[in-house]
Amino acid sequence: IATLKTLFLRISELSERKGWSPEMRHFLQDEDQNWWLKVYGKGRKLRDVSVPTQYLSYLKRYRQYRALSSLPSSYDSSPLVEKIRGQGGMTARHLTRLVQEVFDKAYEKMKQEKGEDFARKLTEASTHWLRYTGASMEIERGRALKDLSEDLGHASMATTDTIYVQSENKKRAASEKERKVD
């Protein structure tokens, strides 16, 4: 969940498929100590997604759960997301099913704690919703549209601008609420 949302990944970019097996060695650290994740994205294009420093604690915890060293090295060919049974990486179908189980449990818990109306939004959640939500949050934080567009793998910055304009509308609406009418 954290990987899909934080790194704005499509489920196909995290899952094993014909011609691509995401591995731990696809996490790379450059000479400036920046972390990147190499993904095989839409349109059969390889791209590097920037990895925020705070995400590394999630990666370390996941790797610890899998009895792997703290952070990946360029020699670590273990699957990025390992199958629960068997060898290799998870397929998109399996990952989607797991994410949906998490949403269903979160919905039930939120429904009990906050009520049906508050929890209803989670019934619309999907793996792509995580990508959209993560990217929208970054726009609200003021991240440069060009940088976000590259991490999302959009061929054009105009695509990012068009898809995430809703976040900008929220800002615009918030600034409008207190406008004086003389």
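D by Stokes-Einstein for region 33-97, Kirkwood Rh over Cα pairs, 37 °C, 0.692 mPa s: 243 µm²/s.
Charges were assigned to the Cβ only: +1 to each Lys and Arg, -1 to each Asp and Glu. The resulting dipole of region 1-94 about its Cα centre is roughly 580 debye.
Of the accessible area of the chain, computed with a 1.4 Å probe over protein heavy atoms only, carbon and sulfur atoms account for 50 percent. Quick one: of 146/177; 45/109; 18/60, which pairs are farther than 31 Å apart, Cα to Cα? Going by Cα-Cα distance, 45/109 fall outside the 31 Å limit.
Once the Cβ-Cβ distance of residue 93 and residue 182 is raised to the sixth power relative to R0 = 45 Å, the FRET efficiency obtained is 0.15.
May I ask for the percentage of alpha-carbon pairs in region 72-182 that lie more than 22 Å from each other? Tail fraction, whole percent: 59. Dipole orientation for the chain: of the candidates 74, 3, 88, 88 has the Cα lying most toward the positive pole (charges on Cβ; Lys, Arg +1; Asp, Glu -1). Straight-distance candidates among the aspartates and glutamates for linking to residue 114, with alpha-carbon spacing under 18 Å and chain neighbours fewer than 8 residues away dropped: 104, 124.
Its convex hull of Cα atoms gives region 1-130 a direction-averaged projected area, equal to a quarter of the hull surface, of 9.1 nm². In the full protein context, region 1-81 carries 59 Å² of accessible surface per residue, based on a 1.4 Å probe and ignoring ligands, DNA and RNA. Rounded to the nearest 20 debye, the dipole magnitude of the chain is 520 debye, with +1 charges on Lys and Arg beta carbons, -1 on Asp and Glu beta carbons, and the Cα centre as origin.
Computed from label points 7 Å out along Cα-Cβ, the spacing between residue 75 and residue 21 is 1.9 nm.
Count Lys and Arg as plus one, Asp and Glu as minus one, and take only other residues whose Cβ is under 13 Å from that of residue 43; the net charge is then +4.
The values are calculated or read from the model by the stated rules, or taken from the named source; none is laboratory data. Because the structure is a prediction, the values reported are computed rather than measured. Glycine also receives a Cβ, built like all others from the backbone with ideal geometry; neighbour counts cover every protein chain displayed. Keep in mind that these areas ignore ligands, DNA and RNA; they rest on the heavy atoms of the full protein, side chains included. Shrake-Rupley method; radii C 1.70, N 1.55, O 1.52, S 1.80 Å.
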